[in-house]
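Chemist: Encoded as structure tokens, here's the structure I'll be asking about.
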Amino acid sequence: PLPDELASTAGVSQIAKGINTRHRQAQFAGRQSTDLHAHVYFKNKESVVEDAYVMRCRKNGVVCLVPKYGIEVTVYLTSASEASGYALQEDGMCLKSAD
């Protein structure tokens, strides 16, 4: 016999909503844990030079993937308050110097 809470659509929907919420929160926790461990690892290091891949171009910087450490970071070329010396092309695939 099926329990009463699983016999109705409303009951199943409520259970699914709870499962989805917990799954989403677990994903957020995993991402934050990775960020925290990367921060702790690099906290006392002077400088680290590694190969990286540019994943996206933005108006004021680029998003890079550093495969050795498994992290994706944004490298800002200008601060948010400064006028950017770079121009993002219309297709969003190239960041060029405005000079």
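Chemist: Across the stretch 18-59, what is the total count of residues that are assigned to a helix (DSSP H, G or I), among the charged types (D, E, K, R) and modelled with pLDDT under 90?
Modeler: 2
Chemist: Right, something else. Out of (1) modelled with pLDDT of 90 or more; (2) outside any helix (DSSP H, G or I), what's the single condition that is false for VAL62?
Modeler: The failed condition is (1).
Chemist: Please go through the stretch 1-12 and pick out each residue that is open to solvent by less than 70 Å² (accessible area, probe 1.4 Å) and acidic (Asp, Glu).
Modeler: The answer is none; no residue qualifies.
Chemist: Counting just the residues of the stretch 68-89 that are among the charged types (D, E, K, R) and at pLDDT 85 or above, which one comes out farthest from ASP51 (Cα to Cα)?
Modeler: GLU72
Chemist: Would you pick out the residues in the stretch 13-59 that are open to solvent by 100 Å² or more (accessible area, probe 1.4 Å), more than 18 Å from the chain's Cα centre (by Cα) and not charged (D, E, K, R)?
Modeler: Within the stretch 13-59, GLN14, ILE19, TYR41, ASN44, VAL49 meet the criteria.
The values are calculated or read from the model by the stated rules, or taken from the named source; none is laboratory data. Just so it is clear, the structure is predicted and the values come from calculations on it, not from any experiment. SASA here: full protein model, heavy atoms, side chains in, ligands and nucleic acids out. Shrake-Rupley method; radii C 1.70, N 1.55, O 1.52, S 1.80 Å.
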